[in-house]
Amino acid sequence: MSSSTADIKPVVAFTAAVVTVSDSCACGDRVDLSGPAVAEVLTRFGFQITAKQTVQDDSMQIQNVLLHLALSVRFIVTTGGTGVALRDVTPEATEAVCERVIDGVAERMRSEGYKKTPFAALSRGVCGVTGKTLILNLPGSPSGAVESLRAVIELIPHALSLLDGKTEHL
C-alpha cells in the first residue's frame, strides 16, 4: 500500500465499532492491545468510533453484540477468534448474522498477510453485510489486525456508499 493511502479519508464520516473477541481480555486476564490499535487506524481514516466492546469467544455472545451494534453503526470490525483453535468462532458467528458475504475482502487480507507470514493462510476471517452495516473480522494479534485492516481500508467507504444505494461508477 502506498504511503498516500494513509491520508485517505471518507467523504462522509461513517460510524464504526470495534469488538475484541477474547476470553482472556473479557475476563480481565489480559489487556486488549488489538482493539485500541484497530480503533486508531479507523480514526486516522476518518471513521467515527462510537462503540468499543470486548466479548468472550462464544458464538451467541458474538452474534448478539454484532446484531446490537449493527442497529447503530455502519462498520463493525472484530479482532480475534479467526484462527483454527476450537474456541475461534468469530467467522461462524459473523456469517450467522450476515445476509451476504464479501469473499474478496477477506481474500485480499490473507493475500497481503501472506507476504509477511505463511501463517496468514490460517486466518479464517470473513467480511459480510447485515442490513447497511459491513462487518469485518481481523486477526487477534495487534500487528495482524492492523496489517489486515490496512490491506482493505480503502475499499470500505466505497462498499458503504454502495450499501447506501450510491451505485454510480466513477
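Annotation: of all residues in the stretch 22-37 being part of a helix (DSSP H, G or I) and touching a helix residue (DSSP H, G or I) at 6+ places or on another chain (Cβ under 6 Å), the one that is surrounded by the most Cβ atoms within 10 Å (Cβ to Cβ) is 34.
Condition check ((1) of a type in the set (Val, Ile, Thr); (2) touching a Phe, Trp or Tyr at 6+ places or on another chain (Cβ under 8 Å); (3) within 23 Å of residue 14 (Cβ to Cβ)) across all residues:
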position	(1), (2), (3)
86	no, no, no
93	no, no, yes
107	no, no, yes
131	no, no, yes
134	no, yes, yes
147	no, no, yes
153	yes, yes, yes
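When residue 161 is tested against the conditions (1) polar (S, T, N, Q); (2) buried (at least 18 other Cβ atoms within 10 Å of the Cβ); (3) farther than 13 Å from residue 77 by Cβ, the lone failure is (2). Scanning the stretch 84-113 for residues that are under 18 Å from residue 141 (Cβ atoms) and touching a Leu at 6+ places or on another chain (Cβ under 6 Å) yields a single hit, 84.
How many residues, within the stretch 95-130, are in contact with a strand residue (DSSP E or B) (Cβ under 7 Å, 6 or more places away or on another chain) and either at pLDDT below 95 or not hydrophobic (A, V, I, L, M, F, W, C) (or both)? Reasoning before the result, please.
Kept after step one, since they are in contact with a strand residue (DSSP E or B) (Cβ under 7 Å, 6 or more places away or on another chain), are these residues of the stretch 95-130: 95, 97-102, 105-106, 125-129.
Cutting the leftovers down to either at pLDDT below 95 or not hydrophobic (A, V, I, L, M, F, W, C) (or both) gives us 95, 99-100, 125, 128.
The number of residues fulfilling the criteria is 5.
Among the residues of the stretch 81-97, those that are over 12 Å from residue 62 (Cβ atoms) and either out of contact with any Pro (no Cβ under 9 Å at 6 or more places or on another chain) or without any contact (Cβ under 8 Å) to a residue 40 or more places away in the chain (or both) comprise 84, 85, 86. Residue 134 meets the conditions (1) farther than 16 Å from residue 34 by Cβ; (2) surrounded by fewer than 16 Cβ atoms within 10 Å (Cβ to Cβ) in every case but one. The failed one is (2).
Here's the yes/no breakdown for (1) closer than 23 Å to residue 157 by Cβ; (2) surrounded by 18 or more Cβ atoms within 10 Å (Cβ to Cβ); (3) in contact (Cβ under 8 Å) with a residue 24 or more places away in the chain:
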| residue | (1), (2), (3) |
| --- | --- |
| 39 | yes, yes, no |
| 42 | yes, yes, yes |
| 45 | yes, yes, yes |
| 48 | yes, no, yes |
| 58 | no, no, yes |
| 64 | no, no, no |
| 70 | yes, yes, yes |
| 73 | yes, yes, yes |
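The values are calculated or read from the model by the stated rules, or taken from the named source; none is laboratory data. A quick note: this is a predicted structure, and the numbers were derived from the prediction, not measured. As a convention, Cβ positions derive from the backbone with ideal geometry for all residues, glycine included, and neighbour counts pool all protein chains shown.
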